[in-house]
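Structure first, commentary second.
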Amino acid sequence: MSAIPKALRFALCSLRRSSTVNLLLCLCVAASAAQASIAATSLLHNEAPEFVRVDLQHRKLDLHAYRGKVVLLDFWATWCASCQIEMPHFVAWQSKFGPRGLQIIGISMDDDPALARKLYKKMKLNYPVAMGDEKLGQLYGGVLGLPLTFLIDSQGKVQAQFRGETDLKLIEEQFKPLLRP
């Protein structure tokens, strides 16, 4: 190593250190994502985490109050294009399948409730929407990407999870058998 000039040795050591730091950083990020995925997966066939919030219409939204209904719990944000593509379908499903026991619940992950209210009105949403935060997101395994939708059966158990842009027919095929005739 003494034959290598001092400046080059310093550069190699720095590169080795930065590579190690980058590797450790990548491992931490990967572990965090894996942990969130495991946490979300561990919700399957288990009780949905309960929460109480105030919806955008200033009414109490208590997940437990929807026992006996099939719930699609949808985490979204105003800047999420895929989320906005799903919303008209959710509005149609709430109208069509609500009488058979379906309840859509939206959770806006926006920081500003005014943005969520504006989109709520623009999209003419016919289901309750509450503001979410990191604490609520952590209950559901971490909300690392949007949209994120959970299918909760009438007993309050998570039956499916849909991450990102999902085939809406697949979601419908999963919830329809859980509804009343």
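The values are calculated or read from the model by the stated rules, or taken from the named source; none is laboratory data. This one's a predicted model, so the numbers in the text were calculated from it and none came from an experiment. Please note: Cβ atoms are built from the backbone with ideal geometry, for glycine as well, and neighbour counts cover all protein chains shown.
Tabulated data for the structure shown
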item: Conditions (1) within 23 Å of Lys169 (Cα to Cα); (2) surrounded by fewer than 22 Cβ atoms within 10 Å (Cβ to Cβ); number of the one not met by Gly137; result: (1)
item: Test set (1) out of contact with any helix residue (DSSP H, G or I) (no Cβ under 8 Å at 6 or more places or on another chain); (2) in a helix (DSSP H, G or I); (3) farther than 20 Å from Ala65 by Cβ - Leu136 fails condition number; result: (3)
item: Checking Cys83 against (1) touching a helix residue (DSSP H, G or I) at 6+ places or on another chain (Cβ under 6 Å); (2) farther than 20 Å from His45 by Cα; (3) touching a residue at least 40 places away in the same chain (Cβ under 8 Å); (4) not hydroxyl-bearing (Ser, Thr, Tyr), the condition it does not meet; result: (1)
item: Tally of residues being within 13 Å of the chain's Cα centre (by Cα), buried (at least 23 other Cβ atoms within 10 Å of the Cβ) and in a helix (DSSP H, G or I) across the range 75-91; result: 1
item: Lone qualifier among Ile104, Ile152 - being in contact (Cβ under 8 Å) with a residue 40 or more places away in the chain and closer than 17 Å to Tyr66 by Cβ; result: Ile152
item: Answer residue from the range 92-124, given it is of a type in the set (A, V, I, L, M) and assigned to a strand (DSSP E or B) and is farthest from the chain's Cα centre (by Cα) among those; result: Leu102
item: The one condition in (1) touching a residue at least 24 places away in the same chain (Cβ under 8 Å); (2) under 21 Å from Phe162 (Cβ atoms) that Leu115 fails to fulfil; result: (2)
item: Residue check, Lys69 modelled with pLDDT of 95 or more, in contact with a Ser or Thr (Cβ under 8 Å, 6 or more places away or on another chain) and more than 24 Å from Gly164 (Cβ to Cβ); result: yes
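Rundown of residues vs (1) of a type in the set (A, V, I, L, M); (2) out of contact with any Gly (no Cβ under 8 Å at 6 or more places or on another chain), yes/no style:
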site: Leu136; (1), (2): yes, yes
site: Tyr140; (1), (2): no, yes
site: Thr149; (1), (2): no, yes
site: Ser154; (1), (2): no, no
site: Ala160; (1), (2): yes, yes
site: Ile171; (1), (2): yes, yes
site: Gln174; (1), (2): no, yes
site: Leu179; (1), (2): yes, no
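The rows are residues; the columns are (1) at pLDDT 50 or above; (2) surrounded by 10 or more Cβ atoms within 10 Å (Cβ to Cβ); (3) polar (S, T, N, Q); (4) in a loop (DSSP other than H, G, I, E, B).
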| position | (1), (2), (3), (4) |
| --- | --- |
| Leu24 | no, yes, no, no |
| Ala34 | no, yes, no, no |
| Ser37 | no, yes, yes, no |
| Ala40 | no, yes, no, no |
| Pro49 | yes, yes, no, yes |
| Val54 | yes, yes, no, no |
| His58 | yes, no, no, yes |
